[in-house]
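Here's the structure we're looking at; comments come further down.
The values are calculated or read from the model by the stated rules, or taken from the named source; none is laboratory data. These numbers were taken from a predicted model, which means no experiment stands behind them. Virtual Cβ from ideal backbone geometry, glycine too; neighbours counted across all protein chains shown.
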Amino acid sequence: MWKKVTILISFLLIMINGCIVVDNVMAPATIENDESLEEPSTVTVIEATEDPYSEARQRLVSEGIIGWGIKNPEVIDVIGRTPRHEFVPLEYLDRAYSNNPLPIGYGQTISQPYIVALMTQELGVEAGDRVLEIGTGSGYQAAVLAEMGVEVYTMEIIGPLAEAAAERLDKLGDDNVHVRHDDGYFGWPEKGPFDGVIVTAAPDHVPQPLLDQLKTGAVLVIPVGPVGGYQELWRITRLDEGQHKAESLGGVRFVPFTRTEVEP
Ligand code: SAH
């Protein structure tokens, strides 16, 4: 009798144990077919190579993007899938998803994620549109637009930054971004007019050539104000030949819009 009970308990244990193993293996969302169930070691490898930043990025989206008032679902989505950690220097990796600007060398910064989201939202562009960006910097803002399906023409006055950004964007597969090393004051008239223009460094006035390269109905998002102080972020819509509507989006702080390349 006891022998029978022992056999029965052992049998039950084997079944339960079997279930537990299967449950564990099935948990990661990365498993796509039953084949992998036979090789639990593969599962460990897949788990180890998962994006280690996804949790931090989702926290940034819920607290610093949605929590700070960004409403456009496409913008919220794109910030949630653009790998900002690929755009910050190694020594700042642990702060890649903090809601702050970070140094990228040459006295320049990668913008605060909330500001990138706000400017992207206010541009009001969609997949297939063509956008001019002045101030490539790390390339993060350009990548965000490119991930939305926008064709991006971006200009950077500091040669090594332009080069590094182009390489980075290429590596990430954002092949709808065109980087040009030049002073962006005169824009990129050969590629215009644009469905939107975004300036991520602050001049003390709005460059007329950038207004001229907007299509009718298109928007220029630009911080304007004194060097070193606070500036005002403007959303300027081209209404008709020579006519524009300007709306303030509030106070911001950007690096200066320069006219000559600074020496490294
Ligand atoms: N959009 C960037 C932010 C970069 S900071 C990002 O996502 O990382 C602003 C950048 O504008 C700096 O790299 C600076 O060198 C560049 N810049 C300043 N004046 C410029 C000009 N006249 N033409 C082109 N780029 C300029």
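Only one of these is within 20 Å of T237 (Cβ to Cβ) and either in contact with a His (Cβ under 7 Å, 6 or more places away or on another chain) or within 14 Å of the ligand (Cβ to nearest atom) (or both): M148, M119. Name it.
Just a single option satisfies the conditions, and that option is M119.
Which is near the ligand (Cβ under 10 Å from one of its atoms), within 20 Å of I104 (Cα to Cα) and among the aromatic types (F, W, Y), of Y140, Y185?
Of Y140, Y185, the one residue that is near the ligand (Cβ under 10 Å from one of its atoms), within 20 Å of I104 (Cα to Cα) and among the aromatic types (F, W, Y) is Y140.
Search segment 173-190 for residues that are closer than 19 Å to G159 by Cβ and of a type in the set (A, V, I, L, M, F, W, C) and pair each with any residue that is in a loop (DSSP other than H, G, I, E, B) and within 13 Å of the ligand (Cβ to nearest atom) when their beta-carbon atoms are under 6 Å apart and the residues are at least 6 apart or on different chains.
Between residues of segment 173-190 that are closer than 19 Å to G159 by Cβ and of a type in the set (A, V, I, L, M, F, W, C) and residues that are in a loop (DSSP other than H, G, I, E, B) and within 13 Å of the ligand (Cβ to nearest atom), the close pairs are V179/T136.
Does D129 satisfy the criteria of being modelled with pLDDT of 95 or more, out of contact with any Pro (no Cβ under 7 Å at 6 or more places or on another chain) and either surrounded by 24 or more Cβ atoms within 10 Å (Cβ to Cβ) or more than 22 Å from F254 (Cα to Cα) (or both)?
Considered against the rule, which asks whether it is modelled with pLDDT of 95 or more, out of contact with any Pro (no Cβ under 7 Å at 6 or more places or on another chain) and either surrounded by 24 or more Cβ atoms within 10 Å (Cβ to Cβ) or more than 22 Å from F254 (Cα to Cα) (or both), D129 comes out as yes.
Taking segment 61-114 on its own, how many of its residues are within 15 Å of the ligand (Cβ to nearest atom), more than 22 Å from G251 (Cβ to Cβ), touching a Lys or Arg at 6+ places or on another chain (Cβ under 9 Å) and not in a loop (DSSP other than H, G, I, E, B)?
3
Checking E122 against (1) in contact with a Ser or Thr (Cβ under 6 Å, 6 or more places away or on another chain); (2) in contact (Cβ under 8 Å) with a residue 60 or more places away in the chain, which single condition isn't satisfied?
(1)
In segment 212-264, what residues are over 20 Å from G196 (Cα atoms), over 25 Å from the mean Cα position of the chain (by Cα) and either of a type in the set (A, V, I, L, M) or not assigned by TED's automatic domain parsing to the domain that holds G159 (or both)?
V227, R259, T260, E261, V262, E263, P264
Give me the residue from segment 239-263 that is within 16 Å of the ligand (Cβ to nearest atom) and part of a strand (DSSP E or B) and, out of that set, farthest from H181 (Cα to Cα).
Step by step, filter segment 239-263, then rank; the result is V252.
Looking only at segment 199-236, count every residue that is in a helix (DSSP H, G or I) and more than 20 Å from Q121 (Cβ to Cβ) and tell me the total.
Going through segment 199-236, the residues in a helix (DSSP H, G or I) turn out to be 208-212.
Going one step further and asking which of them are more than 20 Å from Q121 (Cβ to Cβ), we end up with 208-209, 211-212.
Total meeting the criteria: 4.
So P207 fits all but one of (1) buried (at least 19 other Cβ atoms within 10 Å of the Cβ); (2) farther than 22 Å from S111 by Cα; (3) over 25 Å from the mean Cα position of the chain (by Cα); what number is the exception?
Every listed condition holds for P207 apart from (2).
Quickly run through segment 191-214 and pick out the residues that are of a type in the set (S, T, N, Q) and touching a residue at least 40 places away in the same chain (Cβ under 8 Å).
Residues of segment 191-214 of a type in the set (S, T, N, Q): 200, 208, 213.
T200, Q213 - these are the residues of segment 191-214 that are of a type in the set (S, T, N, Q) and touching a residue at least 40 places away in the same chain (Cβ under 8 Å).
Taking the residues in segment 155-166 that are under 17 Å from R84 (Cβ atoms) and more than 6 Å from the ligand (Cβ to nearest atom) as candidates, determine which candidate is surrounded by the most Cβ atoms within 10 Å (Cβ to Cβ).
To start, the set of residues in segment 155-166 that are under 17 Å from R84 (Cβ atoms) comprises 161, 164-165.
Next cut, more than 6 Å from the ligand (Cβ to nearest atom) only: 164-165.
Details: A164: 20, A165: 25.
Only one residue tops the list, namely A165.
Would you mention how many residues in segment 215-237 are crowded, with 19+ Cβ neighbours inside 10 Å and free of Cβ contacts under 8 Å to residues at least 24 places away in the same chain?
Within segment 215-237, residues that are crowded, with 19+ Cβ neighbours inside 10 Å and free of Cβ contacts under 8 Å to residues at least 24 places away in the same chain number 2.
Check whether at least one residue in segment 238-246 is in contact (Cβ under 8 Å) with a residue 60 or more places away in the chain and among the hydrophobic types (A, V, I, L, M, F, W, C), and report yes or no.
Within segment 238-246, the first condition is being in contact (Cβ under 8 Å) with a residue 60 or more places away in the chain, and the residues that meet it are none.
Taking every residue of segment 238-246 in turn, none turns out to be in contact (Cβ under 8 Å) with a residue 60 or more places away in the chain and among the hydrophobic types (A, V, I, L, M, F, W, C).
State whether one or more residues within segment 149-164 are assigned to a helix (DSSP H, G or I), among the charged types (D, E, K, R) and in contact with a strand residue (DSSP E or B) (Cβ under 6 Å, 6 or more places away or on another chain).
There is no residue in segment 149-164 that is assigned to a helix (DSSP H, G or I), among the charged types (D, E, K, R) and in contact with a strand residue (DSSP E or B) (Cβ under 6 Å, 6 or more places away or on another chain).
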